[in-house]
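Beneath this line is the structure, given in structure tokens, with notes to follow.
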Amino acid sequence: MTINWFKYASPASFYFLAGRMIPFFIIAAVILLIIGLYIGFFVAPTDFQQGEAYRIIFIHVPAAWMSMFLYVVMAFWAGIGLAFNTRLSSMVASAIAPTGAMFTFLALWTGAWWGKPMWGTWWVWDARLTSELILFFLYIGFMSLQAAIDDPRRADKAGAIIALVGVVNIPIIYFSVQWWNTLHQGASVSLVQSPKMATAMLTGMLIMALAAWMYSIVMVLMRTRMIILERERHTAWVSELKEGVSK
Amino acid sequence: MILWIIKRDLLLAMRRRSDVLTTLFFFIIVVSLFPLGVGPEMNMLRMMAPGVVWVAALLASMLALGRMFSSDYVDGTLEQMLLSPVSLSGLVMGKALSHWLVTGVPLVLMAPVLGIQYDLPVEALMVLTLSLLLGTPVLSLVGAIGAALTLGLRGGGVLVSLLVLPLYIPVLIFGAGAVEASTAGMGFDAHLSLLGAFLLVSLVFSPWATAASLRISMA
Amino acid sequence: MSWESWSDFFAMGGYGFYVWGSYLVALLCVLGEVVLVRNRRRTLHKQLGLKDKSSL
């Protein structure tokens, strides 16, 4: 039972492995999405305080979770790539960023569309909303920096530094924003979910979060495959691929 | 070594005095534009003053970041510095400190005068100056990372703002918060201690991260 | 089941605009990302002269 896991750290073998894994994750994402939406719209009861508007939670909370989780994962792989000079981990890191930014945008958007009927405004300078906005800026900064650098190895390493600096700063930023928010408590915004949230709501939310997770894996794998092809276009295995002798 | 770098950079800055003055006047102009935009209502201006002065300081210090390494990069000095046996972190620390002496200190000295424009009480003026004194070195140190990462890139100037401004947010919050707390008659020591903590943390980590970034950018 | 009819479902208890506004944009974001990735893949395969065996 000795599987050589390091084999898959080579871009070429990862390319084929990822290609075989993608269909399974697509199926998982679609099934989870259907179950999640079904529970969200047909099983979960109407919230007695917020009526039907709360059903935005089934995309809002998973999107917000994924946006934060993906940033940490991105910084982790970028850091590994910087520390051990493994090309594949840096490629994964840059493949994660667009999906992460998309979820951040989605969390902000749905937050606004939930806030309007509940709080009466599209935007409040709430600690969580503000931190999410700053997270969006961090993703944009990471992607623009990598896009501005032509040499891929320099882009990987520079991106890793800015991602790691961002990760160190996120807690500091979060607590300063939180503190700032309590000081400037304007119109009372108390959207703390009651602890006894209906189980169907919680289940729906968790399943939707899993679906978002599977979706992110699909996107990241696909994008990593393309980055591998782009960077290794002059290697022997890619030219074999061209001649159609691939597995 | 650090002292030598600071001395050298200050000498270079004195030869090109217009750069220093440009940053300072940018700061003054931005702060003076706000009353023209929002109206001369004194109560409102007094409330806005800490935020306005701090945001202007952030922008002014960021504008000058591009110069921190670029001239040494262009004439090849930076490459020699990387090759020399002295510690790169120490060297970077010297560059960040001289950046602060050239752009940060003039802002600190100018801030009380600008605060008077906004009718801040004397105590608030003192707190404003103190908070800038503690906060602007953090801006230079954190900014050094961004400047090193974007070295020699096209459009580096705009990019550096995208990278660095989100990281400046804690300094902005507590810097402006200190002044607000003092005008509201509350204690402001906690804010200043936090700014001091930020300064210590960035003094420890930033030279190291900047040195790593420089090595990446010059490789 | 909390819905009497389809129109009841689409009305979302009066919050239809907000609920469907959020879900529509979520759908657009996901579709947009998928389309972008597939376009990038197609141009890449064309450049490299690979045959597009699967649509993944």
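The values are calculated or read from the model by the stated rules, or taken from the named source; none is laboratory data. Just so it is clear, the model here is predicted, and its values are computed rather than measured. Every residue, glycine as well, gets a Cβ built from its backbone with ideal geometry; the counts of neighbours run over all protein chains shown. Keep in mind that these areas ignore ligands, DNA and RNA; they rest on the heavy atoms of the full protein, side chains included. Shrake-Rupley method; radii C 1.70, N 1.55, O 1.52, S 1.80 Å.
Observations on the structure shown:
- The dipole here belongs to the stretch B:2-218: it is taken about the Cα centre, uses +1 on the Cβ of Lys and Arg and -1 on the Cβ of Asp and Glu, and is about 580 debye.
- Peptide-level mean, for A:42-49, of C-beta atoms on other protein chains within 10 Å: 2
- Summing both sides, the accessible surface hidden between B and A at a 1.4 Å probe radius is close to 2200 Å².
- Residues in the stretch B:69-81 carry Karplus couplings, in order, of 10, 5, 5, 5, 5, 5, 8, x, 4, 4, 5, 4, 5 Hz; the curve used is 6.51 cos²θ - 1.76 cosθ + 1.60 with θ = phi - 60°, and Gly or Pro positions show x.
- Cα gyration tensor shape for the stretch B:158-207, rounded if a/c is under 1.5, else prolate or oblate: oblate
- Projected onto their three principal axes, the Cα atoms of chain A cover extents of 62, 40, 33 Å, largest first.
- Size estimate for chain B follows the Kirkwood approach: the inverse of mean 1/r over distinct Cα pairs works out to 17.8 Å.
- Rolling a 1.4 angstrom probe over the protein heavy atoms with all chains in place gives chain C an accessible area of 65 Å² per residue.
- Ranking of B:86, A:43 by solvent-accessible surface, largest first: A:43, B:86 (1.4 Å probe, protein heavy atoms only, all chains present).
- Label-to-label distance, residue A:175 versus residue A:153, with points set 7 angstrom from Cα along the beta-carbon direction: 3.9 nm.
- Average Cα contact separation per residue, the stretch B:13-134, under 8 Å, 6 or more apart, as relative contact order %: 35
- The residues of the stretch A:112-148 occluded by other protein chains by 50 Å² or more of accessible area, set against the chain on its own, are A:113, A:145, A:148; surface from heavy atoms, 1.4 Å probe.
- Cα-based shape type of the protein assembly as shown, given that a ≥ b ≥ c are square roots of the gyration tensor eigenvalues and the cut on a/c is 1.5: oblate
- Directionally averaged shadow of the stretch B:93-151, computed from the convex hull of its alpha-carbon atoms, nm²: 4.3
- Where chain A is the region considered: accessible area per residue in Å², 1.4 Å probe: 47
- Contact order normalised by residue count of chain B, Cα under 8 Å, 6+ apart, percent: 27
- Segments B:145-151, A:160-166, B:115-121 sorted - mean Cβ within 10 Å per residue, highest first: B:145-151, A:160-166, B:115-121
- For the stretch B:79-124, the equivalent ellipsoid derived from the Cα gyration tensor has semi-axes of 38, 9, 5 Å, listed largest first.
- In plain terms, the bigger the Kirkwood radius, the slower the diffusion; for the stretch A:1-134, with that radius from Cα pairs, at 25 °C and 0.890 mPa s, Stokes-Einstein puts D at 139 µm²/s.
- Judged by the gyration tensor of its Cα atoms, with axes a ≥ b ≥ c, the stretch A:21-73 is oblate; a/c meets the 1.5 cut and b/c is at least as large as a/b.
- Residue by residue, the stretch B:127-144 carries 3J(HN,Hα) couplings of 5, 4, 5, 4, 5, 5, 4, 7, x, 5, x, 4, 4, 5, 5, 5, x, 4 Hz when phi is fed to the Karplus relation 6.51 cos²θ - 1.76 cosθ + 1.60 (θ = phi - 60°); x denotes Gly or Pro.
- Heavy atoms of the protein chains alone define the surface here; on that basis the stretch B:2-218 has 44 Å² accessible area per residue at 1.4 Å probe size.
- Rounded tilt (10° steps) of B:17-38 against the dominant C-alpha axis of chain B: 30
- For the stretch A:199-244, residues shielded by at least 40 square angstrom of accessible area compared with the chain on its own, probe 1.4 Å: A:215, A:219, A:222, A:223, A:226, A:229, A:230, A:233, A:242
- Residue B:2 accessible area, assembled protein chains, probe 1.4 Å, Å²: 60
- Buried accessible surface for the C/A pair, both sides summed and rounded to the nearest 100, is 3400 Å² with a 1.4 Å probe.
- Cα centroid separation, the stretch B:98-165 to the stretch B:1-27 (Å): 14
- Here the spin labels are modelled as points 7 Å beyond Cα on the Cα-Cβ line, and at residue A:182 and residue C:7 they lie 5.0 nm apart.
- Between the alpha-carbon centres of the stretch A:12-32 and the stretch A:34-54 there is a gap of 30 Å.
- Carbon and sulfur %, accessible surface of the protein assembly as shown computed with the full protein complex present, 1.4 Å: 71
- Between the C-alpha center of the stretch B:42-68 and that of the stretch A:111-175 there is a gap of 22 Å.
- Legend: mean number of C-beta atoms from other chains within 10 angstrom of residue C-beta atoms, peptide B:188-194, equals 1.
- Average Cα contact separation per residue, chain A, under 8 Å, 6 or more apart, as relative contact order %: 35
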